[in-house]
Amino acid sequence: MINPIIAANWKMHKTIPEAVKFAKQLKKEFPEPGDVDIVVAPPFTALRPVMEVLKDSPIHISAQNMHWEEKGAYTGEISTAMLVDAGCEFVIIGHSERRTLFGETDGMLNRKIRAALKSGLKPIFCIGETLEDRESGTAFEVIQKQIKEGLNNITSDDIKQIAFAYEPVWAIGTGKTATPLQAQEAHRFIRETIATDLGYAHASKTVIIYGGSVNPENTGSLMDQPDINGALVGGAGLDFESFAGIIKISKR
Ligand code: PEP
């Protein structure tokens, strides 16, 4: 049985007071560990203050990005040690905004995943096709390449620490959700691809979450799919009521 992950990616939103207020609400609403792992990914400035609120709660903290080098002259970057220090347990790697707006390649993401694993951070590795890929019938080819290159030279034991987020780029922030069947089909393909490295016994325990315009209305039908193990939530994760609603529906 897989514990689903419901994660809010706050992107470049929320000042420290706003992030702390949300974290306090979340801690009050979900004080006990449950059958859903709740994760919040605040901006860097709010990581430590959010950690101070959530440290004695079951809610986990994720960073949104990281650099693969341990330290050095990399102005504007942040290391895994700094993230661990600030209370992070997870790190989002390969979000489509990082890939498209900041030029992150599969090779760079592979270095990030390896550095994250070395430091004990659990990667939430994002993969997904563009609308063009889907319309030209190459969606699965693209996803397979992202997985193969992202996981290059990573041992099976390490792959077990990774959660995968299937995020079709055309569904992110657009209000267009993949249908539950489209998402299920992609999640199944991802699980099969992972199984080529891990074998089915382990791949069946890999957490694969869906991201792309998830909201309280569509969560139930997505979570009903056998290969969907949670959600990575952008827009609806900024609003406490919506995010809490998504968590409660996922607990069914
Ligand atoms: C995201 O950015 O990861 C995301 C899924 O955003 P949204 O929920 O707003 O589509």
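The values are calculated or read from the model by the stated rules, or taken from the named source; none is laboratory data. It should be emphasised that the depicted structure is a prediction, and the values quoted were computed from it without experimental measurement. For neighbour counting, all protein chains shown are included, and Cβ atoms are generated from backbone atoms with ideal geometry for every residue, glycine included. Note: areas computed on protein heavy atoms with side chains; ligands, DNA, RNA excluded. Shrake-Rupley method; radii C 1.70, N 1.55, O 1.52, S 1.80 Å.
Inspection of the stretch 21-33 finds no residue satisfying the criterion of being over 30 Å from residue 171 (Cα atoms), touching a His at 6+ places or on another chain (Cβ under 7 Å) and either part of a loop (DSSP other than H, G, I, E, B) or among the aromatic types (Phe, Trp, Tyr) (or both). Selection of the stretch 1-20 for residues being outside any loop (DSSP other than H, G, I, E, B) and open to solvent by 50 Å² or more (accessible area, probe 1.4 Å) yields 16, 17, 18.
Condition check: farther than 25 Å from residue 118 by Cβ and in contact with a strand residue (DSSP E or B) (Cβ under 6 Å, 6 or more places away or on another chain). Does residue 172 satisfy that? No: the conditions fail for residue 172.
Please tell me if residue 89 is within 18 Å of the chain's Cα centre (by Cα) and farther than 20 Å from residue 166 by Cβ. In short, yes.
Would you check if there is a residue in the stretch 164-182 being at pLDDT 95 or above, more than 23 Å from residue 13 (Cα to Cα), within 16 Å of the ligand (Cβ to nearest atom) and of a type in the set (Gly, Ala, Ser)? Checked the stretch 164-182: no residue is at pLDDT 95 or above, more than 23 Å from residue 13 (Cα to Cα), within 16 Å of the ligand (Cβ to nearest atom) and of a type in the set (Gly, Ala, Ser). Residues considered: 207, 233. Of these, the only one that is β-branched (Val, Ile, Thr), under 17 Å from the mean Cα position of the chain (by Cα) and within 14 Å of the ligand (Cβ to nearest atom) is 233. The listed residues are 245, 234, and the only one of them that is farther than 12 Å from residue 4 by Cα, in contact with a strand residue (DSSP E or B) (Cβ under 7 Å, 6 or more places away or on another chain) and open to solvent by less than 30 Å² (accessible area, probe 1.4 Å) turns out to be 234. Residue count for the stretch 73-88 satisfying the condition of being open to solvent by 60 Å² or more (accessible area, probe 1.4 Å) and part of a loop (DSSP other than H, G, I, E, B): 5.
Report whether or not residue 131 is open to solvent by 70 Å² or more (accessible area, probe 1.4 Å), within 15 Å of the ligand (Cβ to nearest atom) and aliphatic (A, V, I, L, M).
yes
Taken together, the residues in the stretch 204-221 that are over 15 Å from residue 162 (Cα atoms) and surrounded by 14 or more Cβ atoms within 10 Å (Cβ to Cβ) amount to 9. Scanning the stretch 156-203 for residues that are open to solvent by 60 Å² or more (accessible area, probe 1.4 Å), under 18 Å from residue 124 (Cα atoms) and touching an Asp or Glu at 6+ places or on another chain (Cβ under 9 Å) gives a single hit, 188. Kindly establish whether residue 94 is buried (at least 18 other Cβ atoms within 10 Å of the Cβ) and under 17 Å from residue 198 (Cβ atoms). Judged against the criteria, residue 94 is not a match. Here are some residues: 62, 57. Which one is open to solvent by less than 20 Å² (accessible area, probe 1.4 Å), at pLDDT 95 or above and of a type in the set (Gly, Ala, Ser)? The match here is 62.
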